[in-house]
Every structure is written in structure tokens, then in C-alpha cells.
Amino acid sequence: MYYYLITLAVIALDQLTKWIVVQNMEIGQKIEVIPGFLYWTSYRNNGAAWSILEGHMWFFYLITVIVIGIIIYIMQKYAKGKRLFSISLAFILGGAIGNFIDRVLHQEVVDFVQTVWGNYYFPIFNVADASLSVGVVLMLVYVFVDDRKRKELNNAE
């Protein structure tokens, strides 16, 4: 059940940071955090990354509800005793719910973290997006490292 606490922590941090941005920044306002690299930039997105499928909220509602249901099912059925797997799912679930809350309440997602790598401006994102990314990376580590080690140990016995 600890993974649901991780999910709740992600949702709380995501919603708190978005609330702070909405309350304290005008849309389009940019605050430099690390010169030439990291900025808080108040932005609203009614699509996905790079504004893909902008304005198709019904699609995001449908996909998110399906994904949330699948993740909860997998957590209950397969994740018990698999710590890294459980944590990765918790991060993905928290991120999905965090952005879903924005879409349901405001028909857009509050984004504010902007990074710049030389001349490349990475898409502006938020805590929920970062959580989804971290969850996917942890899932890949689980699949390619942790799970393989477990299978090798079982085959050696």
C-alpha cells in the first residue's frame, strides 16, 4: 500500500506547485531559476506535449480513465512484493491523476518548468509530467535490470 502514498504525494506536490504558479504568475511570465538553463514559465496547455491534439479534451479524459484503471488493476494483481515495479506504477499513476485533475477542472493543464539546452527549448512541463517520465524510466529499469536479475536467480536454483 506504500505505493498509494507515493501516488498521493505526487498528486499533492503537483497540485500545490500548479496552484502557486496560478496564484503568483501571469500566463507567459518567465522567472529565471538557473541562468541559461532552468526557468519557471507560466503556460497553459489544452493538449499533450508540444500541444499535440490540442483542444481534444474528450480524448484525454478517455485515455486517462483507461490508463488509471489499468494501472490500479496491475498494482493490485501483479505489483505486490515488487518494490521497483510498484514505485514506477505509483509515479505514473500520480502523474496521470495530477494532469487529469487539471483537465477536468480547467480544460487545460498548468505547465511551468522550462529547460533550455543550448538552442533547444524543451517543452514546458509540470510535476505530473516529470512524475510520468520518472515512472517510465523506473519501469524500464525494472524490466531490463531488476526483473532479469530475478529471473536469472530463479533459473540458477
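Derivation of every value follows stated rules applied to the coordinates shown; laboratory data play no part. Not measured: the values here are computed from a predicted model. For neighbour counting, all protein chains shown are included, and Cβ atoms are generated from backbone atoms with ideal geometry for every residue, glycine included.
For this structure, a couple of remarks:
- On Cα atoms only, tilt of 83-106 relative to the major axis of the chain in degrees: 30 degrees
- Acute angle (nearest 10 degrees) that the helix 2-24 long axis makes with the longest principal axis of the chain, alpha-carbon atoms: 10 degrees
- Per-peptide packing, taken as the mean over residues of other Cβ atoms within 10 Å, places 5-18, 84-97, 65-78 in the sequence 84-97, 5-18, 65-78 from highest down.
- Shape box of the chain [Cα atoms, principal axes, largest first, Å]: 60, 36, 27
- The chain, relative contact order in percent, only Cα pairs under 8 angstrom and at least six apart counted: 30 percent
- Rounded to 10°, Cα long-axis angle of helix 57-78 versus longest principal axis of the chain: 30 degrees
- Estimated at 0.36 nm per residue, the fully extended path between ASP146 and PHE59 surpasses their Cα-Cα distance by 27.9 nm.
- Distance between the pseudo-spin-label points of ILE20 and MET1 (7 Å out from Cα toward the beta carbon): 3.0 nm.
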